[in-house]
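As structure tokens, the structure follows; a few thoughts come after it.
The values are calculated or read from the model by the stated rules, or taken from the named source; none is laboratory data. Note that this is a predicted model, so its numbers are computed, not measured. Note that each Cβ is placed from the backbone with ideal geometry, even for glycine, and that neighbours are counted across all protein chains shown. Each accessible area value is taken on the protein alone, full model and side chains, heavy atoms only, with ligands, DNA and RNA left out. Shrake-Rupley method; radii C 1.70, N 1.55, O 1.52, S 1.80 Å.
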Amino acid sequence: MTFGASLKRKEDARLLVGAGRYLDDLRIPDTLHAAIVRSPHAHARVVAIDRSAALQAPGVVAVLTLDDLPELARSVPPLVPSPEMKPYIHPVLAGQVVRHAGEAIAVVVADDPYRATDAAERVRVEYDPLPAATTPAAALAVNAPRVHASWPDNLAVRTQSSVGDAARGFADASVVVDADITYPRMTAAPIETRGVVAYVDPLSGVLNVWSSTQVPFAVRAGIAAILGVPEDRIRVRTPEVGGGFGVKGHAYPEDILIPAVARKLRRPVKWVETRREHFLTAAADRDQAHRARLGLRADGTIAALETRFTRDHGAFPTLGEAITLNTINHLVGPYHVPAYRAACDNVVTHKTFIAAYRGAGRPEAALVLDRLLDRAARKLGMDPAEVRRRNLIRANEMPYQTGLSYRDGMPIAYDPADYVRGFDLLLERIDYAAWRKRQADGRGTTRPIGIGLSAYVEGTGIGPFEGADVRVDPGGTVFVRLGVSAQGQAHETTLAQICAERLDVPVEQVIVLGGDTELVGFGMGTIASRVAAVAGPAVAQSADEVARRARLVAAERFECAPEDVVIAGGRVGVRGAPDRSLSLGEVARFAVRSRALAGLGSPGLQACGFFYPGSVTWAFGAHGVVLEVDVETVALKLLAYAAVHDCGRPINPMIVEGQVHGGIAQGIGAGLQEEVLYDDAGQLLSATLMDYALPRADQMPPLDVAHLEFPSIVNPLGIKGVGESGVIAPGAAIANAVEDALADRGVVVDRIPLTPGRVFELLQRKETR
């Protein structure tokens, strides 16, 4: 059995010895290098551009603006169109107006990246600065500066959803708590920044593009739409990609700009984002501010839940309502919520546009719900663990319908699972009772202990489809071609395990290829925890068809019925006749000319299939953290961390655990220190790794991760997604733990990250009340 085995990652053999090739490793003869001239203002008119000094700089080949590439005034297509949202144009190059600091205005092309960068500083742009609206409050104010002149205001759309009668629920509640909760803007900061290489093939005329992206088909579609080139005349590939986490999950202006420049100059052109550019122009996420309330009955059960919030999209709402809907649909969590209403104002501001970062709306939901649950428990005089346990959906109620509809339009129905069992296992793994006793013993000291819990659900594996082409080479190698690309998820291992299991061949015999629009006709991308749950069944489906074809061919060779053919250990033989067998490669050779396949309409041991899930699968998890707050130095120290997660049937438990560990690390960063900061003029204040604090190894406690296995009913493999699960709960759990530690000092936590400075402010604020 290979499915379910913790095999070592096949990718690591080349990566660990430095044989991996990332975008900046690509060397194409005669390549030019691009540097982008960007606006220093959040909002301004572009009066004039003087490129004369730059054109005289050594090595400079061209300095191009919208006048040279007028097609780049067209809008970058959104990854998730929202018909309810006001229309807007996101130009590749800004024209007369810039809408955020860092927006591209011109591109300098030279024979060396350093010369291009030096020359870009010689481009002189005359601006007429305009007032900027840099927060949702400022953007929604009367007479606020408008981001898009064609809009009457800065409200892109109001998103709403409800279940039951919330007003009556609150009227019937014994306890009502409310809170203003903020989840700040964050960025993914992958180890590799973005980059693009493009050239026109001199023989075929095909526009070849290499991009450090998660969505090669979306990049191809964007290039085709703006440059007016048929999609079949564009090939987009991804090399090794050094992390994505959502930040590379849609087409960017640069993905289109560099191919446009290469086409115009008839030379290969490369652009690699600097780290400062990444902080300035790569899409961040989160940036939600909630006004929420929760009503509980006297027995601790939920009566009603409500939130009204804003999402700051920056200048362009690239993902439409997708992240907003994720928050709304996940905010009820794994609990019985009989009455619920939510409304969000999706606002544009004069800041860099945001999109998705690992979790994509779910960590915000967890923070809001868990802050309310803890405060309600305290008001009722109940243990926060008991309040959660009383409200958890029971196993005999599955599949449970919340009454909401997912963003794919389908009614939400949670996959079968035992949430109570999972939550109880978390309390056991974190040693909850013992820590509560130790906490009580330490009350009144200068190092109080806090315990934070967070349970969540995660919709994973959204459609509409993914495909896989499985082909057996006459030499015996099995090639699996995909419409998705990888950024560290180990597709070459996990999807090979699925294929090897279905064909009963050694996993070493299976080669997985992806990240190339030429391999499979269509693909949606590596986003939204969807590859295992959507591409995985496509691999199984195609491999099953290859096995069927192998039986037909072998039956012809052996003059037996297809039902009597068995495939095992990489060989194809006749049941009960061990001396009558062929290798799978030999059968593939015969299959090219076999008449047995005539009725199927194509030769060879090859099949390409697409899997369409009915809707998303629903994973569940629960996290617990114990921390210590030194009230004298305001330092926080994580003492223990435990997590329980259900991802259905795990393909490779070791890789699942790695995904959860990585997500927890990013979630701890969110809880303790990460925040993208702007000033009132829209200038980025956290533009370096000295200012944007990523978590360090010495901050990470030992992670105790336990896995539950409740197979999904949405796909035939029983898989639920796992890529984003680890990041959902840590911020909420840490916020709960800090308030739990300092509640007797009057501290109320309403936002993260809980940096030492913020904890100091909370303690001081209490003292000055």
- Query: If you go through region 14-24 one residue at a time, do you hit one that is aromatic (Phe, Trp, Tyr) and touching a residue at least 60 places away in the same chain (Cβ under 8 Å)?
  - Reply: yes
- Of the numbered conditions (1) of a type outside the set (Val, Ile, Thr); (2) open to solvent by 10 Å² or more (accessible area, probe 1.4 Å); (3) part of a strand (DSSP E or B), Leu280 fails exactly one; give the number of that condition. (3)
- Note on the structure: Per the list (1) out of contact with any His (no Cβ under 6 Å at 6 or more places or on another chain); (2) under 20 Å from Glu724 (Cβ atoms); (3) not in a helix (DSSP H, G or I), residue check on Thr445 breaks on (2)
- Across region 159-174, the tally of residues that are of a type in the set (A, V, I, L, M) and part of a strand (DSSP E or B) stands at 1
- Message: Taking the criterion of being over 14 Å from Arg549 (Cα atoms), over 42 Å from the mean Cα position of the chain (by Cα) and open to solvent by 60 Å² or more (accessible area, probe 1.4 Å), would at least one residue in region 582-601 satisfy it?
- Response: no
- Task: Kindly establish whether Val123 is over 30 Å from Ile323 (Cα atoms), crowded, with 17+ Cβ neighbours inside 10 Å, touching a residue at least 60 places away in the same chain (Cβ under 8 Å) and of a type outside the set (D, E, K, R).
- Result: yes
- Query: Which strands (runs of 3 or more DSSP E) sit wholly inside region 175-226 and have at least 3 residues that are open to solvent by 10 Å² or more (accessible area, probe 1.4 Å) and over 20 Å from Leu23 (Cβ atoms)?
  - Reply: 175-186
- Query: Ala622 fails exactly one of the following numbered conditions: (1) open to solvent by 10 Å² or more (accessible area, probe 1.4 Å); (2) over 18 Å from the mean Cα position of the chain (by Cα); (3) under 29 Å from Ala5 (Cα atoms). What is the number of that condition?
  - Reply: (1)
- Note on the structure: Flagged in region 651-676 as open to solvent by 30 Å² or more (accessible area, probe 1.4 Å) and of a type in the set (A, V, I, L, M, F, W, C), in numbering order, are Met654
- Gly521 fails exactly one of (1) out of contact with any strand residue (DSSP E or B) (no Cβ under 9 Å at 6 or more places or on another chain); (2) at pLDDT below 95, namely (1)
- May I ask you to list the residues in region 241-277 that are open to solvent by 40 Å² or more (accessible area, probe 1.4 Å) and part of a strand (DSSP E or B)? Val272
- Could you list, in sequence order, all residues of region 715-769 that are assigned to a loop (DSSP other than H, G, I, E, B) and either under 23 Å from the mean Cα position of the chain (by Cα) or free of Cβ contacts under 8 Å to residues at least 12 places away in the same chain (or both)? Asn715, Leu717, Gly718, Lys720, Gly721, Val722, Gly723, Glu724, Ala729, Ile752, Pro753, Thr768
- Message: Between Glu518, Glu492, Glu556, which is touching a residue at least 24 places away in the same chain (Cβ under 8 Å) and touching a helix residue (DSSP H, G or I) at 6+ places or on another chain (Cβ under 8 Å)?
- Response: Glu556
- Message: With the structure loaded, tell me whether Arg158 is more than 30 Å from Leu380 (Cα to Cα), surrounded by fewer than 18 Cβ atoms within 10 Å (Cβ to Cβ) and touching a residue at least 60 places away in the same chain (Cβ under 8 Å) or whether it fails that test.
- Response: yes
- Just give me the residues in region 565-575 being open to solvent by 30 Å² or more (accessible area, probe 1.4 Å) and touching a residue at least 12 places away in the same chain (Cβ under 8 Å), in sequence order. Ala568, Gly569, Arg571
- Selected residue (criterion: modelled with the lowest pLDDT) from residues of region 660-714 that are farther than 18 Å from Ala189 by Cβ and in a helix (DSSP H, G or I): Asp698
- Message: Against the conditions (1) of a type outside the set (Lys, Arg); (2) buried (at least 21 other Cβ atoms within 10 Å of the Cβ); (3) at negative phi; (4) in a loop (DSSP other than H, G, I, E, B), where does Ala54 fall short? Just the number, please.
- Response: (4)
